[in-house]
1. Where the accessible area of the stretch 138-233 is counted over protein heavy atoms with a 1.4 Å probe, how much of it, in %, is carbon and sulfur?
2. I need the semi-axes of the equivalent ellipsoid of the stretch 100-165: take the C-alpha gyration tensor, multiply each eigenvalue by 5, square-root it, list largest first in whole angstrom.
3. Taking the convex hull of the Cα atoms, report for the stretch 87-243 its projected area averaged over all directions, in nm².
4. Greater than 20 Å separation of Cα atoms is the criterion. Which listed pairs, LYS190/LYS230; LYS85/LYS128; LYS187/LYS227, meet it?
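The values are calculated or read from the model by the stated rules, or taken from the named source; none is laboratory data. Keep in mind that this is a model prediction, so the values were computed, not measured. Please note that ligands, DNA and RNA were not included when accessible areas were found on the heavy atoms of the full protein model with its side chains. Shrake-Rupley method; radii C 1.70, N 1.55, O 1.52, S 1.80 Å.
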Amino acid sequence: MCGEGDGARSKKEGAAFAEGYYYATEKTKWGSCRASRTNENGRGTMMKAVMDARELRRLIAATRDFRGRAGSRPERDHIRLQFHKDGCCVEAAAVDGYTLSTEWAVCDSVDEDFVVLIRTTLPPIGRKNGELAVVDRLEDGRTSVRIGDMQFAYSVPDAEKFFDVQKAIPHNAPEFRIGVNGSYLLKALKAASTTENLNRRIELRFHGELGPIVIQTRASGLDSKCKNIKLVLPVRLRGEENE
């Protein structure tokens with residue numbers, strides 16, 4: 001957040017703020033934190049989408065841990081939001097080169113199809129339900145996220161350089177599908193981490209659609225035949241889950 005100095009609102013700016021203007025208050029690597037204002041009518045906006053603020057926060061929570069380090073590919077340090085006018089929805093995506101996450105949500109309105117990159121920091125969300133977030137792609141190329149009377153607007157890398165996640169997602173028919181209780185699988189993975197750093201390799205063994213899923217780690221200091229085993233039984237898939 002901006003402090004005193006460049007980017008802090010003056011008394012004059014504060015008066016304009018009260019009259020319906022919103023100021024960027026997040027200082028980011030990609031842009032200075034100078035006051036940049038956009039009125040409620042969307043002046044300076046190229047494309048705009050409106051959605052539930054808590055849904056936007058959920059999208060960020062589901063993807064932020066899959067972002068990569070900026071390095072030579074700064075776009076990977078961001079989350080991509082791809083808005084679709086047809087269907088009035090948005091797909092969030094993040095990728096780090098080893099893992100990938102996408103998450104969908106319904107929007108209240110989408111002006112037209114467009115893509116923006118966003119950071120993981122949002123303006124404060126109030127306690128009342130139904131608070132809306134307005135996501136804009138501004139004429140100067142910045143991304144703007146406005147919730148209530150607070151707006152974050154910042155420069156971002158070129159969204160066109162973001163990795164095409166559809167190329168990484170297999171679209172051919174899988175060899176087989178396995179249904180599993182997510183809580184049980186997470187419990188097994190957490191237990192495996194007590195003896196093996198999950199940043200290292202662990203072994204997952206699948207024994208068919210209805211066979212157990214076995215998570216195997218080595219037993220430190222013991223014979224190679226000694227393996228730590230965590231086993232999770234599958235559940236049957238029904239209806240749409242089989243598609």
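1. On the way: 3240 of 6430 Å².
Accessible surface attributable to carbon and sulfur in the stretch 138-233 totals 50 percent.
2. Numbers: eigenvalues 91, 47, 30 Å².
The three semi-axes for the stretch 100-165 are 21, 15, 12 Å.
3. Details: hull surface 56.4 nm².
So the Cα hull casts an average projection of 14.1 nm².
4. Numbers: LYS190/LYS230 10 Å; LYS85/LYS128 27 Å; LYS187/LYS227 18 Å.
Violating the 20 Å limit, Cα to Cα: LYS85/LYS128.
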